[in-house]
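Notes follow once the structure below has been shown.
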Amino acid sequence: MQAVDAPTMITMLPRVRLVADPCSWLSIQRRVSRRGFHSDPLFCRQVPRSHGEEFAEILRERMQKQWKEQGLPRDRWPGLPSQRRPVRLQKSMRIDADVGNGPQLRGIQSGHHPRLILLLVVLGGAGVYYIFHLEQVPATGRWRFIDITAQEERKMGEQAFQSTLQQYHAQILPSSSPAVHQVERVARRIIRACEKLDMQRTHDAQPTQWTIHVIQDPNQKNAFVLPGGHIFIFTGILPVCQSDAGLATVMSHEISHQLARHSAEKVAGSKVLFAAAFILEMMGLDIGLSRILLNLVMNLPNSRKIESEADELGLRIMSQACYDPHEAVYFWQRMDAGERSGSGIAETAMALLSTHPVNSKRISKIKEWLPEALDQFQANGCSESERFMNLVRSGS
Ligand SMILES: [Zn+2]
């Protein structure tokens, strides 16, 4: 809307009088005299008029004047075209017109229905698909959505494996390296201990073809596993491990990710996230904001759950392989000391925004699982002497 200056406003005034505005002073006087004092205030509520309506108004005024001059009685005045009607009448006309334009207006008024039906169909279909692809992690019994087959998972893993080899080919240590010897020694025991769990991975599981690679990078205190069982250990984590038992904590954690098919679960989870964002967008919610919220509410907590599950399962596997489960606590304490942020607020923020549980939470959870792991350690015949031998080997 543009502002109108005073001179322009003055030039507009005669035109307003010319069109005999029904709410102009003269018109009101005329109506009051005709209809009595209690004139309906709605009568004079203006609605925007078109040029056609203004023309009809002028015509009506002139003809009425002419009939009046001719002495024609008011009750014999013929019906006038496009008489200016009060707002109520205009409203009722709009309703009549709506009825007249039935199909079109019904479509507009009920415009949400097709969208709502589509939304319900999408929700129903997505719900059925989700339920039909729920399965339990064999080792822990946790229910999760997964719609990736073992073959698809292997294929994805192979592609990732090739690109990882390409990325780190200059840093991958040869098999003659002492670091590789240590990693392979621990890996053999861990893999032997989890053979049964490996076969429970999927209903048609084949034994995993594990490959172990050590990447020379003293700054990376990290390790990861790719779908299909390709494990990569950075040399930067070895000093934190300190011993075979410490390294067993890392290896059994990574191997647990593969046994529980966490990579495939993450891919399936990203599909759920995408579908949820799409449904929220259909409901008219801002897509950018809904993605952030979904990430906070769904993706990150699920990622932390997966990590925690790998810790729990890893603790069991290392106990099964006769590595003292206490070493897992000591390893995470060392990791925590190396990464410590120091502030409680920073730790809370990390807990919310991180894909991994914070170290303090990890340690307390491992301590909770420790009695069960120790029972397993004893039950598997891992005698005190063997525990001692492990300590000797790791010290050498
Ligand atoms: Zn992990």
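Give me the Å³ per residue figure for the convex hull around the C-alpha atoms of segment 104-247. Working shown, then result.
Details: hull volume 27.7 nm³, N = 144.
Here the figure is 192 Å³ per residue.
Roughly speaking, what is the stretch gain from Gln159 to Ser175, that is 0.36 nm per residue apart minus the C-alpha to C-alpha distance, in nm to one decimal?
Details: separation 16, 0.36 × 16 = 5.76 nm, distance 2.32 nm.
Length gained between Gln159 and Ser175: 3.4 nm.
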**Asked** Given a Förster radius of 41 Å and the C-beta distance between Val128 and Gln216 as r, what FRET efficiency does 1/(1 + (r/R0)^6) yield to the nearest 0.05?
**Response** 0.25
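Would you mind counting up the charge near Ile233? Only other residues with Cβ under 11 Å from its Cβ, with Lys and Arg at +1 and Asp and Glu at -1. Numbers along the way, then the final one.
Values: positive: Lys221; negative: Glu184, Asp217, Glu254.
Overall, the nearby charge balance is -2.
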**Message:** Show me the ranking of peptides 307-313, 145-151, 256-262 by mean Cβ neighbours inside 10 Å, starting with the highest.
**Reply:** 256-262, 307-313, 145-151
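Can you give the Rg/Rh ratio of segment 138-395, where Rg is from the C-alpha atoms and Rh is the Kirkwood radius? Present the calculation step by step, with values, prior to reporting the outcome.
Working: Rg = 19.1 Å, Rh = 19.4 Å.
On the Cα set of segment 138-395, Rg over Rh gives 0.98.
Take the cross-link list Lys155/Lys271; Lys221/Lys361; Lys271/Lys365; Lys305/Lys367 and give me the ones stretching past 22 Å between alpha-carbons. Let's see the in-between values first.
Working: Lys155/Lys271 18 Å; Lys221/Lys361 19 Å; Lys271/Lys365 29 Å; Lys305/Lys367 17 Å.
From Lys155/Lys271; Lys221/Lys361; Lys271/Lys365; Lys305/Lys367, over 22 Å: Lys271/Lys365.
Give me the mean projected area, in nm² to one decimal, of the convex hull enclosing the Cα positions of segment 295-335. Before the final figure, lay out the partial values.
On the way: hull surface 12.9 nm².
Mean projected area of the Cα convex hull: 3.2 nm².
Counting pairs of alpha carbon atoms under 8 Å apart in space and at least six apart in sequence, what relative contact order in percent does segment 138-395 give?
Details: 325 pairs, mean separation 50.9, N = 258.
Relative contact order here is 20 percent.
Near Ala150, within a Cβ-to-Cβ distance under 11 Å, what is the net charge of the other residues, with Lys and Arg +1 and Asp and Glu -1? Let's see the in-between values first.
Numbers: positive: Arg154, Lys155, Arg201, Arg261; negative: Glu152, Glu153, Asp204.
Result for the neighbourhood of Ala150: +1.
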**Fill in**
antiparallel share of DSSP beta bridges within segment 138-395, to nearest 5, in %, is 50
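May I ask for the net charge around Leu173, where only other residues with Cβ less than 12 Å from the Cβ of Leu173 are counted and Lys, Arg are +1 while Asp, Glu are -1? Write down the numbers at each step before the final one.
Values: positive: none; negative: Glu184, Asp217.
For residues surrounding Leu173, the net value is -2.
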**Message:** Sort 319-328, 167-176 by packing, meaning the average of other beta carbons within 10 Å per residue, with the highest value first.
**Reply:** 319-328, 167-176
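Laboratory data are not the source of any read-out in this text; all were calculated from the coordinates shown. Small disclaimer: the values here were computed from a predicted structure and weren't measured. Because the Cβ atoms are built from the backbone with ideal geometry, glycine has one as well, and the counts that use them run over all protein chains shown.
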